Amino acid sequence: MKMMQKRTQVGVVFCLFAAGMAALVNPAMAAPADKYLHVNVDDATEGTKVNVNVPLEMAERILPAINNRDLHDGKISIRNKDVGDVDFRAVLDAVRTAPDNEFVTVKDKDSDVRVAKANGNIIVHVIDKKNKEQKVDVTVPLKIVDALFSTANKDELDLAAAIRALSDAGDILLVTVQGSSEKVRVWVDSRNTQD
Amino acid sequence: MILLGKIVLGMAGAGLAGAGVLCSEGVVHVKVIEKEPGGVHINVIAPAMLAPIAVRLAPRRDLAKACEQLQANLPVVRAALEGLRDSEDVVLVEVEEPGEHVEVSKTAGSIVVDVDDADATVHVTAPIRAISSTVEELAAATSNPM
């Protein structure tokens with residue numbers, strides 16, 4: 001009888017030990033959570049709401065498969081006429097090495113524009129005075145800008161690399177547009193819903 | 001009497017196993033309800049496994065246009081289906097307008113499309129595995145025209 005009790009105790013202890021080890025090991029082995037790109041458009045005047053949730057892993061797979069005129073192998077060609085002779089890599093290098101600062105401030109009767117670098121992000125803030133005080137805020141981590149310009153070809157942007165960089169970055173609010181009646185938000189997080 | 005029981009049991013088992021195999025890839029569900037008086041009511045529930053089989057058996061000339069359109073976008077379709085298959089359940093797109101609601105989601109291994117507007121209510125469920133198999137059959141039909 002005593003032998004039986006001892007075996008039961010050993011069994012219970014073993015089970016508890018196994019459960020404890022599983023609890024310790026599982027979080028470490030768990031795959032990183034999937035990231036989602038969310039777009040939310042809310043137009044109060046029209047009564048329209050649009051929610052889009054795209055798994056970034058899916059976007060990473062689809063982008064290289066698209067091959068049309070400007071988009072191929074996950075990269076998009078920049079046409080010379082669009083950018084003129086601006087050397088974006090040189091500009092990016094200059095911004096990366098510069099301390100946090102406000103780079104551009106434009107104020108006129110139609111709009112206020114501010115471009116700044118803060119905490120590893122490039123921040124663009126636009127107020128469109130003509131369009132009922134529409135405000136646009138864009139925050140792009142420098143890591144993502146780096147990824148965009150990571151191709152060898154200087155006339156291309158690597159969108160697939162930027163998506164990968166977004167996946168590795170933390171939760172971030174990328175774009176907000178606030179109009180008189182409509183709101184647009186674009187952000188990345190680990191939740192598969194917008195609730 | 002016992003022999004008859006065994007035969008009936010065997011037939012029932014075979015029927016169940018057949019139904020199980022047929023539904024192993026899930027079911028395609030299409031439901032359309034037109035809201036106008038006397039409007040069409042369609043409710044089709046079919047084993048998803050039948051879709052690739054139907055493509056295989058269909059005359060090639062009737063599939064020619066679908067094959068041609070698919071061929072141009074095959075890599076994108078494949079990548080999208082793979083990505084969807086591996087992703088968690090998610091509402092991909094939801095549009096809400098006065099009198100209209102559209103939702104496209106991935107739910108339990110299926111693509112689910114729900115549309116509800118002034119004219120009709122439409123619900124479509126299609127398992128991703130079955131869509132992949134059907135796409136591959138169409139791709140094969142393009143590369144091996146008979």
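The values are calculated or read from the model by the stated rules, or taken from the named source; none is laboratory data. These numbers were taken from a predicted model, which means no experiment stands behind them. Using ideal geometry, Cβ is built from the backbone for each residue, glycine included, and neighbour counts are taken over all protein chains shown. To get the accessible areas, we keep the full protein, side chains included, count just its heavy atoms, and leave off ligands, DNA and RNA. Shrake-Rupley method; radii C 1.70, N 1.55, O 1.52, S 1.80 Å.
A few points about this structure:
- Close Cβ contacts (under 6 Å, 6 or more residues apart or on different chains) running from residues in region B:52-75 that are without any contact (Cβ under 8 Å) to a residue 12 or more places away in the chain to residues that are part of a helix (DSSP H, G or I) comprise B:PRO75/A:ALA65.
- For region A:137-151, the criterion of being over 21 Å from A:LEU56 (Cβ atoms) and open to solvent by 40 Å² or more (accessible area, probe 1.4 Å) is met by at least one residue.
- Residue match in region A:104-115 (condition: among the charged types (D, E, K, R), under 27 Å from A:ALA59 (Cα atoms) and touching a residue at least 12 places away in the same chain (Cβ under 8 Å)): no
- Considering only residues in region B:58-74 that are open to solvent by less than 40 Å² (accessible area, probe 1.4 Å) and within 14 Å of chain A (Cβ to nearest Cβ), the one that is nearest to A:LYS35 (Cα to Cα) turns out to be B:LEU74.
- Candidate set: region B:84-127, residues that are within 19 Å of A:GLN194 (Cα to Cα), charged (D, E, K, R) and open to solvent by 50 Å² or more (accessible area, probe 1.4 Å); chosen: the one farthest from the other protein chains (Cβ to nearest Cβ): B:ASP114
- Test set (1) more than 22 Å from A:ASN67 (Cβ to Cβ); (2) open to solvent by less than 40 Å² (accessible area, probe 1.4 Å); (3) more than 10 Å from chain A (Cβ to nearest Cβ) - B:SER132 fails condition number: (1)
- Selection status of A:ASP34, at pLDDT below 90 and away from every other protein chain (no Cβ under 14 Å): no
- Test: residue in region A:54-71 that is open to solvent by 80 Å² or more (accessible area, probe 1.4 Å), within 14 Å of chain B (Cβ to nearest Cβ) and at pLDDT 90 or above: yes
- Which listed residue is under 30 Å from A:ASP34 (Cα atoms) and open to solvent by less than 90 Å² (accessible area, probe 1.4 Å), from B:VAL55, B:VAL77, B:VAL30, B:VAL44: B:VAL77
Residues checked against (1) buried (at least 18 other Cβ atoms within 10 Å of the Cβ); (2) within 14 Å of chain B (Cβ to nearest Cβ):
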site: A:LEU157; (1), (2): yes, no
site: A:ASP168; (1), (2): no, no
site: A:THR176; (1), (2): no, no
site: A:SER190; (1), (2): no, yes
